[in-house]
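Chemist: Dumping the structure here so I can ask a few things about it.
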Amino acid sequence: MAAFKYESHVREPLVEGKKDYHQVTEDIVRPIESSPSKLWWVGFIISVILLLFGVYSIYREVTYGVGEWNLNKTIGWGWDITNFVWWVGIGHAGTLISAILLLFRQGWRTGVNRAAEAMTIFAVMCAGQFPIWHMGRVWMAFFVLPYPNTRGPLWVNFNSPLLWDVFAISTYFTVSLLFWYSGLIPDLATVRDRAKLKWRKKMYGVLAFGWTGSTKHWQRHESLSLVLAGMSTPLVLSVHTVVSFDFATSVIPGWHTTIFPPYFVAGAIFSGFAMVQTLLLITRKVLKLEEYITLEHIEVMNKVIVLTGSIVGIAYLTELFISWYGQNKFEGWAFMHNRLDLFSPYGWSYYLMMGCNVLSPQIFWFRKMRRNLFVTFFMSILVNIGMWFERFVIIVTSIYRDYLPSSWSTYYTPTIYEIGFYVGTFGLFFTCYFLFSKFFPVIAVAEIKHILKKSGEAYKPANEKVETESTEEFYHQVSHHH
Amino acid sequence: MAKKKYWQSFTELNQTETHQKLAANEFREELPVVSGEGKGIENASASRRDFLKYLGFSTAAAMAAASCETPVKKAIPYLNKPQNLVPGVADYYATTYVSGGEAIPVVAKVRDGRPIKLEGNTLSTYSKGGTSARVQAAVLDLYDTARLRTPVSISGDASTALAIDAADKAILEGLKDAKVALVTPSISSPTTKLVIAEFLAKYPGSRHVQFDAVSYSSLLLANEASFGKKAIPSYHFENAKVIVSLSADFLGTWLSPVTFAKQYAAGRKFDQKNPELSLHVQFESALSLTGSNADKRYTHAPSAEGTVAAALLGAVSGTGATGVEGALKKGIEATAEALKAAAGKALVVSGSTDPNVQIIVNAINNAVGAYGTTINWAAPLQVAQGIDSEFETLVADLNSGAVNAVVIYGVNPAYEYYNAAGFAAALKKAKISVSLSERLDETASLCKYAVPSHHFLESWGDAEPKAGSYTLMQPTINPLFKTRQFQDSLLVWAGSANTYESLFKSTWTSKLGSADAYMKALQDGVVEAPATVAGAAFNGAGVAAAVSAVSGKKGGKYELVVYQKVSLGDGKQANNPWLQELPDPITKATWDNYAIVSPQFGKEVLKIDIADSRQADKYEVFMKKPVVKFTINKKEIELPVLIVPGVHAGTIAIAVGYGRTKAGKAGNEVGKNAYQFLTYSGSTVSWTVSDVAIAKTETWYEVAQTQTHSSYEGRHEVIKEVTLKDFKANPELIREERNAELKNYGGLDNYERDGSPYPLHDRPGIKWGMSIDLNSCIGCGACSVACTAENNIPVVGKSEVLRFHEMHWMRIDRYFSGNPYDADSVQTIYQPMLCQHCDNAPCENVCPVAATNHSSEGINQMTYNRCIGTRYCANNCPYKVRRFNWLDYTGADSFKDNQLTEGVGKLDPAVFQMNDDLTRMVLNPDVTVRSRGVIEKCSFCVQRTQEGKLKAKKEGRVLEDTDVKSACQQACPTDAIVFGNANNPESEISKVRKSNSQRYFAALEQIHVLPSVTYLAKVRNAEHIAGHAEHEGGAEHAEAKHEEKHA
């Protein structure tokens, strides 16, 4: 109860409307218990169609070869790894929100963390598709696992950043999944307890792992959350750092850059929050959860976007400056000609990236804009376009013209199946998200209840006098009332 | 004691029933485990044993399913092994490559009865072991699916197979009392000449016509006028200090390029202690391979070739260079001075098809004392003997009926003749026409019968490309099909009892004196008379007339030059996918012909200014090129155009050898036929057209280039070149430049150690290394084809080259520098590029599965069956030499039916031709055929290094240079590539590196990848290096640098 004291009356309520615990449960669990809306079906079917097209695209690629894509002898990675890094980046906000914000006791995270964590998991699932299916011989993909084998002393190559990726991504995925699931357990138990249908009771019964809500359960749950948060926090930083090593440890000008780890992490959070915005703006509308995902939530996340966007901007400029200031003329060429020159073949992509990532988020310095839903939605899309192009710029504009001018590539555009693979991951992502929104509480019911009485609109005014009380008075009151 | 009984309990002592029951059980007490149904584990529906069975079965099934085993094809072992044949050990037979009149002594490598590789025969003083791309590719022609497999009778488009007896009967019937024309390419073979004489004797009134698709009539006629000999002397480029070529592509396509390249290289080998070079000046209109190697190059309109020759003669003889002006005049005067100064050590050659020009050139050569020094009349070249007018007469005679039977071998006039339609019509009039060519080509399919001859690798024979230099031919494989060597056919039709083999054997045995000498000659492959050099008396009577005949010739705004490409030549090997896929040295284009135009043409007609980086970018990053309609001699043709710096402003160049219609799957309908633009001038067939009308079309056409950017952007870390003058002034120039690049990392001396935070590895034992001399590399591409043949490199076809997917392990990077709008200023440099086998290889550490790693001998090796295809290594290779198997190019994949013929990832017919079981016989069994999805790259011919080491080991000695030669090294006609053990101070590689220390450099040395392939800088005998800022002074070079950037 000590935190109660420090809930500032200046802060806006995090739960709007006259809510009590029951009402909260009602609001959030109801969509699970009623049949899905028409809109849900439309969205779900579109997602499945996209997913199927993705599956077909991969089928083509696996059967006929990576030649189903337009990569070439100079550009060995294009859309595949661009999409990989992009999805991994998107998968950063969830863990940041659940882990780091939990450790920092940011109460506002409770409204958004469940959906954000789900998004993280789905995004990492999408991301994982690319390094797997981009392999020329995917049926031998298990070679990347360090398992005891009969091939003599043959082992994986621990020097390779791709191998680090294998560990980083799989660890991240596992921890994120555990974190998300452990958070779900009390809510699943709530659904179970409310269930009137037999199958529902059984299903949620299994999923809830026998949660009874006993104090012991809560105590363990809290400890587990803290432990997982502690484990996840370094992961938020490490995953994209490791992904950035794919490039930073190479010799290719434009890839070989020491600034990459922090720059990638900032970019990842940036794009992750943008994606959270996109999804939540839709979710709160469709599931009528405006009272739980409030303007305050959106504004806070927009602040994160303008902060990380600016960090990314500084990184871009630093990189540019160093390429000019440094003595590596090959790096100078990669930046000055391949990117900065608007009229060079891929110059447009650099400016698109700059415009979307650095310039456009600056609009969020204005409170009015931060709280404008349409602006936020538009910006969230724009940021993710920009962040996609950031990865594209890094990957393609570096290698398409590197050391030997003889090997400078022709213009690379994706084939239909390359696009299909990307679109297919959207299908996977949204299929998962639709199923999630149908079968799981999209907002952490238990956690919302946790803050309801200190940050709920209905309770907050009553608490305001606490602010003026001395600590002794406060304790006196608390001990006598309970 | 034995009866003593121990008991544990009373029940045991008493042996109750319960106890006995329990004792029989494995577990005496009830097990605590309860199954789902509440029964004991023993009663569970799936027992533990079953569980293990299921586990084992499912694991095994998963393993079996995952391993995707390819079906095993069984080979049948020898029942009785031939005595001299050891499976897996190659035999080598000396034989001769023959195409048209060209004959190159070669050694065929035969593995398990199949010839799989050709190497130059080093015993020959004629070729000195040199080969060309076409020679290297010829082994593939043996296994060409388009070869005609049986004798056939032809009517219209249909052909019916005939037994050889039936064919002979029908043909003998037809030839009865006929006046036969035997049409062949130039024949230098002494025994074939005997056969031909016997055949002609049988049919009175018959004659032998030699038809050369690329004829040297002008040279023969001019020599007849100047020396009274209708012959071509041999040339000695190695003796020339000054070489002047007037449009003669003597390194690529002119006369005998393999031998000339070898000789030429002698004058380009550079000795740093005694820095001298020959001077090579080229006057030409388009940019030829030879021109691209010239120290000084002057361009002129094609119609001015006579004027230039006359002016050069004037300048040499002191009457002054008239009829020319500006830079060209200055160039001619300077060249004349150089020629005069090098009298007796000078050589002028001309590629002109005008006899008058050749007469003028003879006069110049006479004036500079070339005869008897650099030109040898004692041993004439016999590779070209055809006189254009003779074939012209034959066509007339066929039309008039004076000749009524035609027997054709080895030539294809229905495609190669300027008036192909006229020839085809005339051929129809013959009462019998028989083709002896190997395939049913354009001409053969117009004949009534075709009795296909053997491929040269199945044949007996000989050739005398240069008088006194014989090269013998012996079969290396039993004939694959029901074919018969053309000499045998002629003998049969001549009614001779002899076979060609017996004739050949008896002729040579008697010539050499003994059967042993014959066997020895067959083994060596060459028989050579002692070399003598002689001049000839020059008759200058016709020179004045020749000068007046050529002077004042003017062409239109745009003029045409028809030329041969280095890869395809006259087009006889058009169905050879290796050659089709070999990038042209100048344009780097494959699988097509096109019109080469100047940057001026680009700017004026196409509105593409290649000096403008934005427009150049746009032009080069897309494979599609604008199509222009050319009207040439009233014939219209639409061709894509490629803008090439160094081409004279008004010149358009189109290559022959394309547009075949009956070449085969791979060669059909590739490009367009340019032979149709040749004209007959009354005495010779001319390869230039002085007026061409152009019209830009709105269409585009994709030309598959393997390199699209042409400038090295001043990146001297990649390429180093220096002028002879500068080198003499400061021989340390290259080393200073390297030191400057490396100064922040320890400088030249400590770079290897200080350039990296990691400790150095020692490299005991063998350390393979390669040195490539950019000074002698002429960019011909023979190495590239040799590598393809040796290492089973897949052909990907035009559709895939267009997608930048070609697979060559060895490529030649070609860079231009200079001002694109000043053709004379353009300099070209070639850099063979292959895996550099870096000691600190960036590809190795990024592979997640360690599929590419370093051998203890310094070879960066690929483990194909470990590769999972992440392509990270290819991305991280600074040299971009790694190639990925994007699709199933080889048909070697374990996935069935995965080669598409349409849609995304479609493969061309050429790929399927290469995957035919017949064609696959060319594969080198020592090298894995790579499957889809893995990376591959140069292996330093690891199969050869292993073989060489084994050989040395078996003989109990240390490895020597002669034990191992890489395929590219062996093929190189100029010996630019040296390969060997760099740890052995006695090896050639060590010596070359040491004795050329001042030119030694590694490409991109400053990124500390420590390549095992090193280069020797190019030294140009020119005024300056185009666009080279550091070695020149003043504003001029700054401007040049700017220009170079855009070239």
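Laboratory data are not the source of any read-out in this text; all were calculated from the coordinates shown. No experiment lies behind these values; they were computed from the predicted model shown. Cβ placement follows ideal geometry from the backbone for every residue including glycine, while neighbour counts extend to all protein chains displayed.
Chemist: Can you tell me which residue in segment A:42-61 is nearest to the other protein chains (Cβ to nearest Cβ), limited to those that are touching a residue at least 12 places away in the same chain (Cβ under 8 Å) and aromatic (Phe, Trp, Tyr)?
Modeler: The extreme case among them is A:TYR56.
Chemist: Among the residues of segment A:212-222, are any out of contact with any helix residue (DSSP H, G or I) (no Cβ under 7 Å at 6 or more places or on another chain), buried (at least 19 other Cβ atoms within 10 Å of the Cβ) and more than 14 Å from every other protein chain (Cβ to nearest Cβ)?
Modeler: Within segment A:212-222 (the criterion being out of contact with any helix residue (DSSP H, G or I) (no Cβ under 7 Å at 6 or more places or on another chain), buried (at least 19 other Cβ atoms within 10 Å of the Cβ) and more than 14 Å from every other protein chain (Cβ to nearest Cβ)), the answer is no, since none of the residues qualifies.
Chemist: What's the total number of residues in segment A:40-61 that are touching a His at 6+ places or on another chain (Cβ under 9 Å) and surrounded by fewer than 21 Cβ atoms within 10 Å (Cβ to Cβ)?
Modeler: Looking only at that region, the number is 0.
Chemist: Would you be able to tell me the number of residues in segment A:414-425 that are more than 10 Å from chain B (Cβ to nearest Cβ) and outside any helix (DSSP H, G or I)?
Modeler: Total meeting the criteria: 1.
Chemist: Output the residue which, of all residues in segment A:369-404 that are away from every other protein chain (no Cβ under 14 Å) and outside any helix (DSSP H, G or I), is surrounded by the fewest Cβ atoms within 10 Å (Cβ to Cβ).
Modeler: A:ARG371
Chemist: Considering only segment B:613-679, give the strands (runs of 3 or more DSSP E) lying wholly within it that have at least 2 residues that are in contact with a helix residue (DSSP H, G or I) (Cβ under 9 Å, 6 or more places away or on another chain) and among the hydroxyl-bearing types (Ser, Thr, Tyr).
Modeler: Counting at least 2 such residues, we get no strands (runs of 3 or more DSSP E) at all.
Chemist: Tell me whether segment B:699-710 contains one or more residues that are under 21 Å from A:LYS329 (Cβ atoms), within 11 Å of another protein chain (Cβ to nearest Cβ) and either out of contact with any Pro (no Cβ under 8 Å at 6 or more places or on another chain) or part of a helix (DSSP H, G or I) (or both).
Modeler: no
Chemist: Name the residues in segment B:337-348 that are buried (at least 17 other Cβ atoms within 10 Å of the Cβ) and under 35 Å from the mean Cα position of the chain (by Cα), would you?
Modeler: Once the filter is applied, which keeps residues that are buried (at least 17 other Cβ atoms within 10 Å of the Cβ) and under 35 Å from the mean Cα position of the chain (by Cα), segment B:337-348 yields B:ALA338, B:LEU339, B:ALA342, B:LYS345, B:ALA346, B:LEU347, B:VAL348.
Chemist: If you don't mind, another one. Considering only residues that are of a type outside the set (Gly, Ala, Ser) and either buried (at least 18 other Cβ atoms within 10 Å of the Cβ) or in contact with a Cys (Cβ under 7 Å, 6 or more places away or on another chain) (or both), which ones fall in segment B:481-503?
Modeler: Of everything in segment B:481-503, those that are of a type outside the set (Gly, Ala, Ser) and either buried (at least 18 other Cβ atoms within 10 Å of the Cβ) or in contact with a Cys (Cβ under 7 Å, 6 or more places away or on another chain) (or both) turn out to be B:THR483, B:ARG484, B:GLN485, B:PHE486, B:GLN487, B:ASP488, B:LEU490, B:LEU491, B:VAL492, B:TRP493, B:TYR500, B:LEU503.
Chemist: Same structure, new question: Could you run through segment B:78-110 and say how many residues are charged (D, E, K, R) and surrounded by fewer than 18 Cβ atoms within 10 Å (Cβ to Cβ)? Even if it seems obvious, please write down each step before you answer.
Modeler: Let us first name the residues in segment B:78-110 that are charged (D, E, K, R), namely B:81, B:91, B:102, B:109.
Okay, now just the ones that are also surrounded by fewer than 18 Cβ atoms within 10 Å (Cβ to Cβ), so B:81, B:91.
Count: 2.
Chemist: How many residues does segment B:371-404 contain that are touching a His at 6+ places or on another chain (Cβ under 9 Å) and crowded, with 21+ Cβ neighbours inside 10 Å?
Modeler: Within segment B:371-404, the first condition is being touching a His at 6+ places or on another chain (Cβ under 9 Å), and the residues that meet it are B:373-376.
Filter once more, keeping what is crowded, with 21+ Cβ neighbours inside 10 Å: B:374-376.
The qualifying residues number 3.
Chemist: Any chance you could count how many residues in segment B:729-755 are under 26 Å from B:HIS1024 (Cβ atoms) and not charged (D, E, K, R)?
Modeler: Residues meeting the conditions: 9.
Chemist: Looking at segment A:144-203 only, could you name the residues that are over 23 Å from A:SER232 (Cα atoms), within 14 Å of chain B (Cβ to nearest Cβ) and not aromatic (Phe, Trp, Tyr)?
Modeler: Result: A:VAL144, A:PRO146, A:ASN149, A:THR150, A:ARG151, A:GLY152, A:PRO153, A:LEU154, A:VAL156, A:ASN157, A:ASN159, A:SER160.
Chemist: Another one. Just checking, how many residues over segment A:323-343 are among the charged types (D, E, K, R) and either away from chain B (no Cβ under 12 Å) or in contact with an Asp or Glu (Cβ under 6 Å, 6 or more places away or on another chain) (or both)?
Modeler: The total comes to 1.
Chemist: What helices (runs of 4 or more DSSP H), lying completely within segment B:872-989, carry at least 3 residues that are crowded, with 24+ Cβ neighbours inside 10 Å and within 14 Å of another protein chain (Cβ to nearest Cβ)?
Modeler: B:872-876
Chemist: Same structure again: Filter segment A:247-262 down to the residues that are in a helix (DSSP H, G or I) and either surrounded by fewer than 24 Cβ atoms within 10 Å (Cβ to Cβ) or touching a strand residue (DSSP E or B) at 6+ places or on another chain (Cβ under 8 Å) (or both) and list them by number.
Modeler: The answer is A:ALA248, A:PHE260, A:PRO261, A:PRO262.
Chemist: Quick check, is B:PRO479 in a loop (DSSP other than H, G, I, E, B) and either touching a helix residue (DSSP H, G or I) at 6+ places or on another chain (Cβ under 6 Å) or in contact (Cβ under 8 Å) with a residue 12 or more places away in the chain (or both)?
Modeler: So B:PRO479 passes the test.
Chemist: When you look at B:SER245, is it of a type in the set (Ser, Thr, Tyr), in contact with a Pro (Cβ under 7 Å, 6 or more places away or on another chain), in contact (Cβ under 8 Å) with a residue 60 or more places away in the chain and surrounded by 22 or more Cβ atoms within 10 Å (Cβ to Cβ), yes or no?
Modeler: No: the conditions fail for B:SER245.
Chemist: Another question, if that's okay. What's the number of the condition B:CYS838 fails, among (1) touching a helix residue (DSSP H, G or I) at 6+ places or on another chain (Cβ under 7 Å); (2) buried (at least 24 other Cβ atoms within 10 Å of the Cβ); (3) within 11 Å of another protein chain (Cβ to nearest Cβ)?
Modeler: Answer for B:CYS838: the failing condition is (1).
Chemist: While we're looking at this one, here's another question. Scan segment A:62-80 residue by residue and report those that are of a type outside the set (D, E, K, R), at the interface with chain B (Cβ under 9 Å from one of its Cβ atoms) and either surrounded by 24 or more Cβ atoms within 10 Å (Cβ to Cβ) or not in a helix (DSSP H, G or I) (or both). I'd like the intermediate steps shown before the answer.
Modeler: Step one: of segment A:62-80, the residues of a type outside the set (D, E, K, R) are A:62-67, A:69-72, A:74-79.
Cutting the leftovers down to at the interface with chain B (Cβ under 9 Å from one of its Cβ atoms) gives us A:62-67, A:69-72, A:74-77.
A:TYR64, A:GLY65, A:VAL66, A:GLY67, A:TRP69, A:ASN70, A:LEU71, A:ASN72, A:THR74, A:ILE75, A:GLY76, A:TRP77 - these are the residues of segment A:62-80 that are of a type outside the set (D, E, K, R), at the interface with chain B (Cβ under 9 Å from one of its Cβ atoms) and either surrounded by 24 or more Cβ atoms within 10 Å (Cβ to Cβ) or not in a helix (DSSP H, G or I) (or both).
Chemist: Look through segment B:148-206, keep the residues that are of a type in the set (D, E, K, R) and touching a helix residue (DSSP H, G or I) at 6+ places or on another chain (Cβ under 8 Å), and return whichever of them is surrounded by the fewest Cβ atoms within 10 Å (Cβ to Cβ). Lay out the reasoning, then the answer.
Modeler: Filtering segment B:148-206 for residues of a type in the set (D, E, K, R) gives B:149, B:157, B:165, B:168-169, B:173, B:176-177, B:179, B:193, B:198, B:202.
Imposing the further condition that a residue be touching a helix residue (DSSP H, G or I) at 6+ places or on another chain (Cβ under 8 Å) reduces the set to B:157, B:168, B:198, B:202.
Numbers: B:ASP157: 6, B:ASP168: 18, B:GLU198: 18, B:LYS202: 16.
Residue satisfying both the conditions and the ranking: B:ASP157.
Chemist: Would you say B:THR945 is touching a strand residue (DSSP E or B) at 6+ places or on another chain (Cβ under 9 Å) and over 28 Å from B:ARG803 (Cβ atoms)?
Modeler: Yes.
Chemist: Residues that are in a helix (DSSP H, G or I), away from chain B (no Cβ under 14 Å) and free of Cβ contacts under 8 Å to residues at least 40 places away in the same chain: does segment A:88-98 have at least one?
Modeler: First, pick out the residues of segment A:88-98 that are in a helix (DSSP H, G or I): A:88-90, A:93-98.
Subset that is away from chain B (no Cβ under 14 Å): A:88-90, A:93-98.
Add one more test, that the residue is free of Cβ contacts under 8 Å to residues at least 40 places away in the same chain, and what stays is none.
No; the residues of segment A:88-98 include none that is in a helix (DSSP H, G or I), away from chain B (no Cβ under 14 Å) and free of Cβ contacts under 8 Å to residues at least 40 places away in the same chain.
Chemist: Would you check which residues across segment B:795-824 are at negative phi and away from chain A (no Cβ under 12 Å) and list them?
Modeler: B:VAL795, B:LYS798, B:MET810, B:ASN819, B:PRO820, B:TYR821, B:ASP822, B:ALA823, B:ASP824
Chemist: Within segment B:845-871, which residues are more than 9 Å from chain A (Cβ to nearest Cβ) and within 25 Å of A:TYR59 (Cβ to Cβ)?
Modeler: B:TYR864
Chemist: Filter the helices (runs of 4 or more DSSP H) completely within segment B:513-586 down to those with at least 1 residues that are loosely packed, with under 14 Cβ neighbours inside 10 Å and free of Cβ contacts under 8 Å to residues at least 24 places away in the same chain.
Modeler: Result: B:515-524, B:543-550.
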